[in-house]
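Colleague: What follows is a structure written as structure tokens; I'll ask about it next.
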Amino acid sequence: MIDDILPPVAVAAESFGPPGEWDLFPAEAAVIATADTARRREFAAGRAVARAALARLHAPAGPVLPGRAGEPQWPDGVVGSITHCAGYRACVVGLVRDMAAIGIDAEPCLPLDGGAPDGGLLMAVAGDAERAWLAELNAACPGTPWDRVLFCAKESVYKAWYPYTGDRPGPRDLTVRIGQAGAFAATLPRGSVLRPGARLIGRWLVRRGLIVTEVSIPP
């Protein structure tokens, strides 16, 4: 599924359904040893798709350990991203000669606040301009949980941006405009390494009860 929104230089692996039992490298097992069973299975399922994606890239096999903020640490010369939600997990990887970073995210295709009238989570995620754009999307194309698409897009931007720069912008620090045709544009905070006014262009997809998003940073 996620292949449909990736740049040609990226490769992916994904799996559906409940996480099963997966083998881990000893160093990976040590990282997750004190977690509960559900978290260990989730972690192992993510590493399983990571290994499958790395194999498609012909990258060396080895442990994919989390960094200080939980981000996966890739072999030299490789960038990538892992995502998982209920019933789905995916990994995308590429070579640093082809892209500086990539981020993906997956979410259930449901309203962000579960229909809550106060919209508290949306207020924490979206600025005034973004909420106005969401209102336009809801009027033009009802039935798609545009607030969740926005949240998913921002998660993928963060997952590309943090490993690339070390900066950890909050959701309100990023401005994302969603297009109906499956693309979105993200404006980064002032003072970022991109030139003023530069944007990252990502893609989104709704399928099989899921929202998936992707954004990459050119080399």
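Colleague: Once the range 1-125 is represented by equal point scatterers at the alpha-carbon sites, with solvent omitted, what log10 I(q)/I(0) does the Debye formula produce at q = 0.10, 0.11, 0.16, 0.17 Å⁻¹?
Modeller: With no solvent term, the Cα-only Debye profile gives -0.35, -0.42, -0.83, -0.91.
Colleague: Separate question: Viscosity 1.567 mPa s, temperature 4 °C: what is the translational diffusion coefficient of the range 132-192 from Stokes-Einstein with a Kirkwood Rh over Cα pairs, rounded to a whole number of µm²/s?
Modeller: Approximately 105 µm²/s, per Stokes-Einstein.
Colleague: Just to be sure I follow the definition: excluding the sites themselves, where is the longest run in the chain that has none of the trypsin sites (Lys or Arg not before Pro) in a DSSP loop with at most 14 other Cβ atoms within 10 Å?
Modeller: 98-189
Colleague: In nm, to one decimal, how far is the A132 label point from the L95 one, both placed 7 Å along Cα→Cβ?
Modeller: For the pair A132/L95, the computed spacing is 4.5 nm.
Colleague: Right, here's the next one. Length gain on complete extension for the stretch R39 to A69, per 0.36 nm per residue less the alpha carbon to alpha carbon distance?
Modeller: 9.2 nm
Colleague: In whole percent, how big is the carbon plus sulfur part of the accessible area of the range 1-59, probe 1.4 Å, protein atoms only?
Modeller: Answer for the range 1-59: carbon and sulfur cover 57 percent of the accessible area.
Colleague: Further question: Ignoring everything except DSSP H segments at least 4 long, calculate the 222 nm mean residue ellipticity for the chain; use -39,500 (n - 2.57) per segment, divide by total residues, nearest 500.
Modeller: Mean residue ellipticity at 222 nm (helix-derived): -9500 deg cm²/dmol.
Colleague: Whole-Å semi-axes of the chain's equivalent ellipsoid, largest first, each the root of 5 times a Cα gyration tensor eigenvalue?
Modeller: 28, 21, 16
The values are calculated or read from the model by the stated rules, or taken from the named source; none is laboratory data. These numbers were taken from a predicted model, which means no experiment stands behind them. No Cβ is skipped: glycine too gets one built from the backbone with ideal geometry, and neighbour counts run over all protein chains shown. Ligands, DNA and RNA are excluded from the accessible area calculation, which covers all protein heavy atoms including side chains. Shrake-Rupley method; radii C 1.70, N 1.55, O 1.52, S 1.80 Å.
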